[in-house]
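One structure is given here, and the rest of the page talks about it.
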Amino acid sequence: MSDSSTPAAAAHDAHGAHHTNYVKIWAILLGLLVVSVVGPMLGHPVLTMITAFGIAFVKAFLVIKYFMHLTVEKKYIGFLLLTMLAIMLVFVAGVAPDVMKHEGQRWTNNAAIDAVEKGLKEGGGHHGEHPAEAPRAEPH
Amino acid sequence: MSSFPRPIATTRSVTGISTGKLAVWWLIASEIVIFGGVLGSYVMHRIGHPEWASQAEHTNTWAGAFNTFVLLTSSLMAVLAHQAAEHKDGKKAAKFLYFTILGGLVFLVVKSFEWTNEIHHGFTLTSHTFWSFYYTAAGIHGLHVIIGLIIMAVIAQDAKKGIDLQRVEAVGLYWHFVDIVWIFLFPLLYIAK
């Protein structure tokens, strides 16, 4: 706690007598929150992606950098977290073709296609068929 | 000295980081895979199932936004508690930790009202896969909030007496991570409609 290797102490060393203004960071985060709520209301898909999801990454970055002090933490902590993110991405990349696509060169996921069609027809209804309960996909 | 042996996983350091804090970083690393797996699966399903938008439009954006504000503010309180602990001001650190706990409680109260309303409208865990993801992701997150509140209450009690102030930073790291998870849950569950 009191040794100079703690992030806060290191941050203090890095910035001299200046301390991080946490309230200012919080105010920026709130400003970004407002943008992420208002942006999607404009109804433009690209704007929604940027304001809702892009800003989420910015907010996460600010929390990681200024509240968790990761940038002044031991480097291997950053590598540890990045390794976990990479493992997660490997999982997503491996599963994505089966989940995101409903047909390929030699296969068709009829259950998923039916679920999408039925769901789009029903529109606002909230008791749509659970895709997992639909007939399983058959190759053709 | 107390009648119980002092835990060693607090200030001992062979890695350049106190063992207690290193344990929290490891915990966060494992949580990345847990939440990443759930959120990654959800994103893939949302892309593959455009019809889920008709389900997502029933979530309450304002409740989600308010809870984001609450968690961001509680994160500020947690980092101010850490700052106070760095200055060896245990009472001040405890005070900020109690404000952080208050934020977590407000979050849970809003969530409980929100879920009650949704369940009354027929949106349950089994009514649609969207809601399965919704309750699973937000439920696991809510469980982390509850666990964080309990741990923080214990640490605040000790911090008030000036005991083990290094734990304030450790629980703060955990709380910031819980905040980050919500930062991503909010647009995914409440904005993407």
>> Let me check I have the definition right: for the stretch B:37-193, take the eigenvalues of the Cα gyration tensor, multiply each by 5, take square roots. What are those semi-axes in whole Å, largest first?
In response: 34, 14, 12
> For the stretch B:93-178, what is the relative contact order in percent, using Cα pairs closer than 8 Å and at least 6 residues apart in sequence?
Replying inline: 41
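Could you work out the helix-only [θ] at 222 nm for chain B, with each DSSP H run of four or more residues adding -39,500 (n - 2.57) and the total divided by the number of residues, to the nearest 500 deg cm²/dmol? Please list the in-between numbers first.
Numbers: 6 runs with 144 residues, N = 193.
It comes out at -26500 deg cm²/dmol, rounded to the nearest 500.
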> Taking a spot 7 Å from the Cα of residue B:30 along the direction of its beta carbon, which residues of the stretch B:140-160 have an amide N less than 20 Å from it?
Replying inline: B:140-152
> For residue A:120 and residue A:50, what does the FRET efficiency come to when R0 = 25 Å and r is the distance between their Cβ atoms, rounded to the nearest 0.05?
Replying inline: 0.45
> If we count other beta carbons within 10 Å of each Cβ, what is the order of B:18, B:75, B:41, fewest first?
Replying inline: B:41, B:18, B:75
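Shielding by partners for A:110-117, please: the mean number of other protein chain Cβ atoms within 10 Å of each residue's Cβ. It would help to have the intermediate numbers written out before the result.
Values: counts 0, 0, 3, 0, 0, 5, 5, 1.
Other-chain Cβ atoms within 10 Å of each residue's Cβ, averaged: 2.
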>> Within the stretch B:31-49, name every residue whose backbone N is under 17 Å away from a label modeled 7 Å from Cα of residue B:15 along the Cβ vector.
In response: B:31-33
> Ranked highest first by the average count of other Cβ atoms within 10 Å around their residues, in what order do B:115-127, B:57-69 fall?
Replying inline: B:57-69, B:115-127
> What's the average, rounded to a whole number, of partner chain beta-carbon atoms within 10 Å of each residue's beta-carbon in B:180-186?
Replying inline: 5
> What angle, in degrees between 0 and 90 and rounded to the nearest 10, separates the Cα long axis of helix B:90-120 from the longest principal axis of the Cα atoms of chain B?
Replying inline: 20
> Straight-line reach from residue B:92: which lysines have a Cα under 19 Å away, not including same-chain ones fewer than 8 places off?
Replying inline: B:160, B:161
>> Please compute the modelled spin-label separation between residue A:103 and residue A:41, points set 7 Å along Cα→Cβ, answer in nm with one decimal.
In response: 4.1
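Using only atoms on other chains, find how many Cβ atoms lie within 10 Å of each Cβ of peptide B:46-56 and report the average.
Working: counts 2, 4, 11, 10, 3, 12, 5, 3, 8, 6, 0.
For this peptide, the per-residue mean of nearby foreign Cβ atoms is 6.
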> Under a plain spin-label model, where a point goes 7 Å from the Cα along Cα-to-Cβ, how far apart in nm are residue A:24 and residue B:66?
Replying inline: 3.2
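Every read-out reported here was derived from the displayed coordinates using simple, explicitly stated rules and does not represent laboratory data. If you're wondering where the values come from, they're calculated on a predicted model, not measured in any experiment. In this analysis, Cβ positions are derived from the backbone assuming ideal geometry, glycine residues included, and neighbour counts consider all displayed protein chains.
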